[in-house]
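Q: Dropping a structure here in C-alpha cells format, bear with me for questions.
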Amino acid sequence: MIEFPKEFLWGTATSAYQVEGNNLNSDWWEWEKMVGLKERSGLACRHYELYAEDFDLAHRLNHNAHRFSIEWSRIEPQEYQFAPKEIQHYKEILIALRERNLEPIVTLHHFTLPLWFARQNGWLNKKAQFYFLRYVETIVSSLCPYVHYWVTINEPLVYIYNAYISGIWPPQERSIFKAKIVLDNLTSAHLGAYKTIKQIYKDRGLNPPSISIAKHLREFISTDNNPCHCFTAFFKDYVFNSRLLNNLISLKYLDFIGINYYTCEFTPGPGKKFQDIQRSNLGWPIYPGGLFYLLLRLKRYNLPIFILENGISSDDDQQRWDFISGHLKVLYEAMQQGVRIWGYLYWSLLDNFEWEKGFGPRFGLIEMDYKSYRRNIRGSAEKLAEVFRTGRL
Ligand code: BGC
C-alpha cells in the first residue's frame, strides 16, 4: 500500500491571468485584441469575484495547500502607481485560504506583464530587474505575514521559448540573441527577488520564508542509438532541464526545488518502444516514468522538492485519474528511494484559459461551465480527495 507522510502538502495550482478575468492592464489582454485571438480570456473563470466559492470547493475536497499567482498588472497598472485596492484583494485571498486551512504558495510572475512594462521592451529592458524588484518589494511587504512559500518566476524557459524563440506568445520575437538577454534578466530578477524577500522577513522578525522558481522539467528521450539523436536529447536536457537549476542551486538561491512536470519528448519520434504511448488530448505523451527519473537525478542537489504543477488536458475523466494516480505512484517510489518531497499540486483547480489555445483544453479537477460559470466537481477530484484525506493510494 502507498502511504504518504502526514505533513504532505496537497492541492492545486492556478495562475491569475488564466482564472481571474478582466486583466485589462496586462500585455496579454492587449495582445489577444491585436492578433484577434479566437477565444479571448475575457471573464476567464470569474475567479477574481468567486475565489471564496472556489476555495470552499478545494477545502471540501480535502486540499491543504493552494498555489496562485499575483497579477503584477493589477498591483502596478501604470508605471510606479501601485493600487492599494488590488493589494488588499490579494490579502483577502490569503486570509480566505488561511481560514480554510489551505497553505498558500504564491507566484510573483506567471507569464504576463503589465502593459506599461511590455511597452518598454519588457524583460529586454536594462531596467527590468529594477522594475520587477520594486513590485516585489511592494507586494511582499504587504503580504509577508500570510505567506511562507514564494515562487518568484514561473517556468522561465517556457516563457522564453514561447515569447522569444518560437514566437507564439507576446512579444512574438524569434531571436536567440534576445532570448539570452531575457534569460539573464530573469535570472538576475530571481536572485534579486530572493534577497529582497529574505530581507523583508528578517526586518520584520518573521520566520524565514521558503523560496524557489517553478521549473518546468521534461524527460528528453532518444529512441534509437543514432549519435545525433542521442546528442540532441542530451543537449535539450542540459539547456532546458539542468543549466538554470545548476546555476541557481550552486549560488544557493533556492530553498527548495519547485517542479512542473507534464510530459516527455522523443528524438526523433516515439519509435517502436513508445509507439503505443497514451497521449492527452493536446497530443502530449503520458509518461510518469519521466518524473521518476528526473526526481532521482535531483536527489544529488540535496534540497527538498515540491511538485508545483502536474496535470493533463482530457475530455475523459478516467484518463485524468489514471494520469494522476500514475504520477502519484512514481512520486511515492521516488520517496522510497530517498527523494525528499514536500507536496504535490495538480494543475489545475478549475478548467481555465489555456493561453493561445483558449478555453478548449480542460485541465481542471473542477469542470467550468463558461456560460453559467457553474463549477462541477469531476469524479477524479473526488478520488483525489480520498487520497488527500487518508494519505493513501
Ligand atoms: C503553465 C500553465 C499552463 C500549463 C498547461 C504550465 O506550463 O505554468 O500556465 O496552463 O502548463 O499548459
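Q: Using Cα springs under 10 Å in a Gaussian network model of the chain, which residue among F235, F363, F220 shows the largest mean-square fluctuation?
A: Taking springs between Cα atoms under 10 Å, the residue moving most is F235.
Q: What's the long-distance tail for the stretch 73-147, i.e. % of Cα pairs beyond 19 Å?
A: 37
Q: Determine the distance separating the Cα centre of the stretch 2-16 from the Cα centre of the stretch 173-219; give it in Å without decimals.
A: 23
Q: Okay, next question. Treat the stretch 24-65 as a sphere of radius equal to its Kirkwood radius over Cα pairs and apply Stokes-Einstein at 20 °C in a medium of 1.002 mPa s; give the translational diffusion coefficient in µm²/s, rounded to a whole number.
A: This corresponds to a translational diffusion coefficient of 173 µm²/s.
Q: Now for a separate question. If the cut-off is a Cα-Cα distance under 20 Å, which aspartates and glutamates reach K202, setting aside same-chain residues fewer than 8 apart in sequence?
A: Of all the aspartates and glutamates, those that pass the test against K202 - Cα under 20 Å, at least 8 places apart if same chain - are E137, D255.
Q: Could you run the Karplus curve 6.51 cos²θ - 1.76 cosθ + 1.60 with θ = phi - 60° over the stretch 225-233 and give me ³J(HN,Hα) per residue in whole Hz, x for Gly and Pro?
A: Couplings: 9, 4, x, 4, 5, 5, 5, 4, 5 Hz.
Q: Let me ask another. Across the stretch 244-249, in residue order, what do the Karplus-derived ³J(HN,Hα) couplings come to in whole Hz, using 6.51 cos²θ - 1.76 cosθ + 1.60 with θ = phi - 60° and x for Gly and Pro?
A: Each residue of the stretch 244-249 in turn: 5, 4, 3, 4, 5, 6 Hz.
Q: List every residue whose amide H lies under 5 Å from the amide H of F359, counting only residues 5 or more places away in sequence or on a different chain, with H placed 1.01 Å from N in the peptide plane.
A: Here E354 satisfy the definition.
Q: So what's the stretch 100-200 giving for Rg/Rh, alpha carbon basis, Kirkwood Rh from the mean inverse pair distance?
A: In the stretch 100-200, Rg relative to Rh is 1.00.
Q: Going by a ≥ b ≥ c, the root eigenvalues of the Cα gyration tensor, does the stretch 16-89 fall in the rounded group (a/c under 1.5), the prolate group (a/b larger than b/c) or the oblate group?
A: Because a/c hits 1.5 or more and a/b fails to exceed b/c, the stretch 16-89 counts as oblate.
Q: Could you work out the equivalent-ellipsoid semi-axes for the stretch 148-278, taking the square root of 5 times each eigenvalue of the Cα gyration tensor, largest first, in whole Å?
A: Its equivalent ellipsoid spans semi-axes of 33, 18, 13 Å.
Q: Say R0 is 45 Å: what FRET efficiency, to the nearest 0.05, do M1 and F231 get from their beta-carbon distance?
A: 0.60
Q: Evaluate the stretch 240-383: find the radius of gyration of its Cα atoms, find its Kirkwood radius, and give the ratio Rg to Rh.
A: 1.00
Q: OK, next. With respect to the cross-link table entries K38/K272; K33/K383; K91/K215, which display a Cα-Cα separation exceeding 32 Å?
A: In this structure, K38/K272; K33/K383 exceed 32 Å between Cα atoms.
Q: If you count, for each residue, the other Cβ atoms within 10 Å and average over each peptide, how do 221-228, 46-53 line up from highest to lowest?
A: Taking the mean over residues of other Cβ atoms within 10 Å, the ranking is 46-53, 221-228.
Q: Let me ask another. Please identify which residues in the stretch 291-317 have an amide N closer than 17 Å to a label point set 7 Å out from the Cα of K357, following the Cα→Cβ vector.
A: Correct set: 309-317.
Q: Shifting gears a bit: Over the C-alpha atoms of the stretch 346-392, what are the Rg and the largest Cα-to-Cα span, Dmax, in Å?
A: 12.2, 38
Q: Less than 20 Å from a label point 7 Å out along the Cα-to-Cβ axis of S242: which backbone N atoms in the stretch 153-172 qualify, by residue?
A: 156-158
Q: Give me H66, H148 sorted ascending by neighbouring Cβ count inside 10 Å, so fewest comes first.
A: Sorted ascending by nearby Cβ count, the order is H148, H66.
Q: Next up: Can you give the % of DSSP beta bridges in the chain that are antiparallel, to the nearest 5?
A: On the way: 7 of 44 bridges.
Taking every DSSP beta bridge within the chain, about 15 percent pair in antiparallel fashion.
Q: Going by how many other Cβ atoms sit within 10 Å of their own, how do K299, K215 line up, fewest first?
A: Numbers: K299 14, K215 25.
The order, fewest Cβ neighbours first, is K299, K215.
Q: What percent do you get for the relative contact order of the stretch 240-324 when only Cα pairs under 8 Å and 6+ apart count?
A: The normalised contact order for the stretch 240-324 reaches 38 percent.
Q: What residue among F231, L345, S325 has its Cα farthest toward the positive end of the dipole of the chain, where the charges are +1 on Lys, Arg and -1 on Asp, Glu, each on the Cβ?
A: Final value for the positive-end residue is F231.
Q: For the residue pair Q172 and L124, what label-to-label distance in nm results when each label sits 7 Å from Cα along the Cα-to-beta-carbon direction?
A: 1.4
Q: Once you have the alpha carbon radius of gyration of the stretch 199-272, what is it after dividing by 2.2 N^0.38 Å, with N set to its residue count?
A: 1.56
Q: Take the alpha-carbon positions of the stretch 22-151, form their convex hull, and give its projected area averaged over all directions (one quarter of the hull surface) in nm².
A: The directionally averaged projection comes out at 8.3 nm².
Q: Evaluate the relative contact order of the stretch 1-95 (contact order divided by residue number), counting alpha-carbon pairs under 8 angstrom at least 6 apart; express in whole percent.
A: Normalised by residue count, the contact order of the stretch 1-95 is 36 percent.
Q: To continue, here is another question. As a test of understanding, state the convex hull volume per residue of the chain from its alpha carbons, in Å³.
A: 141
Every number in this text was worked out from the coordinates using simple rules, so none of it is lab data. Everything quoted here is computed from the prediction, not taken from an experiment. Here Cβ is always computed from backbone atoms with ideal geometry, including for glycine, and neighbour counts include all displayed protein chains.
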